[in-house]
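Remarks on the structure that follows.
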Amino acid sequence: MHVVEEGIRGKTWRKTLFPKLVLAFLIVVTPLYGIGLAIIKLGESSVREEVSNSLSSRASFFVDSLEKEMAHTLNLLNHLAVDKDLHRLTFTGQYMKINEWSDAVLRLESKMRLVKDSSAFLKGIDAHLVEQRRTFSTEHSITDRLSDDYMATEEIYDHPDQSLFPWENRLFLAVPFPESSSMHALKPSFVLQVELDLPALRESLAQFTDYESSGAMLVNLEQGWDVSNVKDEAVLKALEPLLKRQTGSAVRSGVERLDAEGGPYFVAYHFSEPLNSYLTVYVKQDGLLGQIQMYQRMLWGLSAVSVLIILAYAYWLYRLIHRPLNRLIRSFRKVEAGQWTPMSLPKNGDEFTDLIRHFNSMVHRLSVLVQEVVEQQTRAQHAELKQLQAQINPHFLYNTYFILYRKAKDEDLESVVRLCQYMGDYFQYITRNASDEVPLEIEVRHAITYVDIQNMRFSNRIDVTFGEIPEGCGQTAVPRLILQPLLENAYKHGLEKKLRDGKIVVDIRRDGRRIVIAVGDNGEMLTDERLEALVRSLGHQTPNTEYTGLLNVHRRLRLRFGEDAGVAVSRSELGGLRVEIRI
């Protein structure tokens with residue numbers, strides 16, 4: 001259980017079950033959302049392409065129609081320029097009789113009206129007889145001077161390639177006679193001049209597109225004139241830089257996206273060589289893609305609803321799975337800490353109810369088992385202590401009684417009394433069953449008693465030195481009989497055969513939260529092989545290990561104080577064995 005709990009506790013948020021369930025839901029929803037978005041984008045792209053093609057086709061068609069209309073008008077003017085009556089009035093009018101002159105004028109005006117009526121874009125026709133200083137017109141009576149409109153085409157020979165002539169916000173189409181002049185200083189004999197009906201042309205352009213917020217205009221950048229409506233001004237202002245860039249390029253027609261005041265526009269432009277002008281058709285993007293954009297807004301609304309659904313779903317999963325799972329994990333942690341508290345059963349009766357019910361049953365059984373284990377460990381510690389108490393070395397007992405016999409025989413009554421007192425204290429301590437633990441100072445006092453007995457045996461051949469107990473450590477509870485086995489081990493395995501100058505040093509010090517008791521001797525019987533074997537025996541104990549001597553002390557200390565406590569051995573600075581107890 002401890003290993004499983006560590007695994008659960010070590011998991012990061014990304015590795016828990018809850019985000020994986022939410023992610024699985026997102027994995028299912030996201031492709032559907034992506035497909036819907038792709039369909040809308042595909043529809044938008046298709047609509048853009050269709051509209052672009054439609055605008056380009058319309059612009060091309062209108063330019064072709066306008067060019068044909070202008071070409072037809074110029075053709076009629078060229079035919080009228082060779083009219084017999086017009087030539088007679090121009091060159092011999094002053095010599096004609098009044099009735100002949102009147103008949104010729106009527107016939108000329110009739111022909112001029114026929115030309116005017118041939119197109120809805122023609123407002124009127126003027127015949128300017130330059131040499132006669134007279135103007136015939138379909139819109140006003142005969143003048144005895146050239147009308148002011150002649151000024152629009154007065155320098156027609158200076159612009160032989162120009163077909164349209166702007167003047168005072170009006171637009172004219174003119175044919176001179178003769179058609180060309182090698183000397184620009186000469187003036188034509190007469191000029192046939194047609195004024196285009198700009199309102200009619202604007203109306204035609206306005207009806208050119210059937211989209212909302214759309215329009216068309218004719219723009220001449222070189223001469224600086226345009227045929228547009230008032231609503232076209234913002235588009236025209238933004239359009240001029242685009243057309244100027246296209247004027248210098250090889251491609252002079254196409255469809256572009258244009259950012260203008262009021263929003264982005266789609267603009268189709270087509271250049272007319274005969275008119276030296278651009279015909280542009282524009283459609284506001286909102287009007288063009290209004291339905292698509294409505295679908296996009298619906299998709300974003302659906303996205304917002306989806307987010308709310310996902311949040312609600314995540315909260316539902318959290319209450320359904322994550323919260324009871326966290327409760328279960330917290331209960332496992334309590335069990336690990338030794339709190340055998342059962343969980344309250346949820347009310348919904350789902351799988352977690354059965355799981356928690358089995359968890360409570362497991363906690364109950366574990367608490368019983370742990371209690372039994374604790375009792376067994378306590379009994380084992382008591383048994384080990386009793387075993388150590390019973391392990392009175394017979395050799396030590398025999399030697400002690402032999403010393404007592406010899407002192408009595410020598411009538412050394414003082415030594416006999418002192419030895420009997422030592423032995424009484426010794427046997428009283430090791431046979432006492434009142435408590436398994438004693439204060440450290442009492443355990444040290446017993447060790448000193450043991451050393452006093454051994455000194456009488458070895459006739460002071462071995463010098464034993466005890467260090468002072470650190471302040472505040474004398475009342476620390478320690479297991480009984482943890483110091484005597486270390487001294488006994490030093491006497492038996494280190495100094496028993498030493499005839500003189502034997503030394504044992506007992507050092508007691510404090511190391512942080514630990515108390516360290518060290519017993520070192522200057523015995524000469526310890527080899528490196530024996531030291532290594534002793535280290536291995538302390539580090540690799542099995543359930544069948546017989547815990548006697550140092551191993552017994554090591555085992556009891558670890559049972560009492562944990563895995564960090566116990567016995568450690570090394571070579572002493574005196575040359576023999578050094579045994580440390582860590583409490």
| request: Determine if the range 321-329 includes at least one residue that is of a type outside the set (F, W, Y), over 22 Å from F25 (Cα atoms), modelled with pLDDT under 80 and touching a Pro at 6+ places or on another chain (Cβ under 7 Å). | output: no
| message | Regarding the range 435-448, can at least one residue be identified that is in the same structural domain as G576 (by TED's automatic domain parsing), in contact with a Phe, Trp or Tyr (Cβ under 9 Å, 6 or more places away or on another chain), more than 24 Å from L551 (Cα to Cα) and not β-branched (V, I, T)? | response | no
| So T135 fits all but one of (1) among the polar types (S, T, N, Q); (2) under 30 Å from L221 (Cα atoms); (3) surrounded by 14 or more Cβ atoms within 10 Å (Cβ to Cβ); what number is the exception? | (2)
| If you check L483, L487, L531, which single one turns out to be in contact with a Ser or Thr (Cβ under 8 Å, 6 or more places away or on another chain) and in the same structural domain as G562 (by TED's automatic domain parsing)? | L531
| message | Out of the residues in the range 215-232 meeting the condition of being modelled with pLDDT under 80 and outside any loop (DSSP other than H, G, I, E, B), tell me which one is nearest to S52 (Cα to Cα). | response | D232
| Given (1) under 30 Å from T280 (Cα atoms); (2) touching an Asp or Glu at 6+ places or on another chain (Cβ under 7 Å), where does T73 come up short, assuming only one miss? | (2)
| said: For the range 500-518, check the following and say yes or no: at least one residue is aliphatic (A, V, I, L, M), over 18 Å from R461 (Cβ atoms) and at pLDDT below 85. | reply: no
| task | Return only the number of the condition from (1) charged (D, E, K, R); (2) in contact with an Asp or Glu (Cβ under 6 Å, 6 or more places away or on another chain); (3) under 23 Å from E441 (Cβ atoms) that R513 does not satisfy. | result | (2)
| Extreme residue, surrounded by the most Cβ atoms within 10 Å (Cβ to Cβ), among residues of the range 470-481 that are of a type in the set (A, V, I, L, M) and modelled with pLDDT of 85 or more | V478
| task | With respect to T135, determine if the residue is at pLDDT 90 or above and touching a strand residue (DSSP E or B) at 6+ places or on another chain (Cβ under 6 Å). | result | yes
| note | Of R245, R252, the only residue that is at pLDDT below 80, within 21 Å of L66 (Cα to Cα) and of a type outside the set (F, W, Y) is R252
| query | Among the residues of the range 464-478, is there at least one that is part of a helix (DSSP H, G or I) and either at negative phi or in contact (Cβ under 8 Å) with a residue 40 or more places away in the chain (or both)? | reply | no
| field | Within the range 563-583, considering residues that are surrounded by 20 or more Cβ atoms within 10 Å (Cβ to Cβ) and not hydrophobic (A, V, I, L, M, F, W, C), the one nearest to P479 (Cα to Cα) | value | G566
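For a quick check of your reading: which strands (runs of 3 or more DSSP E) sit entirely within the range 144-205 and have at least 3 residues that are touching a residue at least 24 places away in the same chain (Cβ under 8 Å) and in contact with a helix residue (DSSP H, G or I) (Cβ under 6 Å, 6 or more places away or on another chain)?
Numbers: elements: 164-167, 170-177, 190-196.
Of the strands (runs of 3 or more DSSP E) lying wholly inside the range 144-205, those with at least 3 residues that are touching a residue at least 24 places away in the same chain (Cβ under 8 Å) and in contact with a helix residue (DSSP H, G or I) (Cβ under 6 Å, 6 or more places away or on another chain) span 170-177, 190-196.
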| Here are E154, E179: which of them is within 22 Å of N220 (Cβ to Cβ) and not hydroxyl-bearing (S, T, Y)? | E154
| Subset of the range 425-461 that is closer than 15 Å to S415 by Cα and without any contact (Cβ under 8 Å) to a residue 24 or more places away in the chain - its residue that is surrounded by the most Cβ atoms within 10 Å (Cβ to Cβ) | N455
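The values are calculated or read from the model by the stated rules, or taken from the named source; none is laboratory data. Values in this document were obtained by computation on a predicted structure and should not be read as measured data. Positions of Cβ are generated from backbone atoms using ideal geometry, with glycine treated the same way; all protein chains shown enter the neighbour counts.
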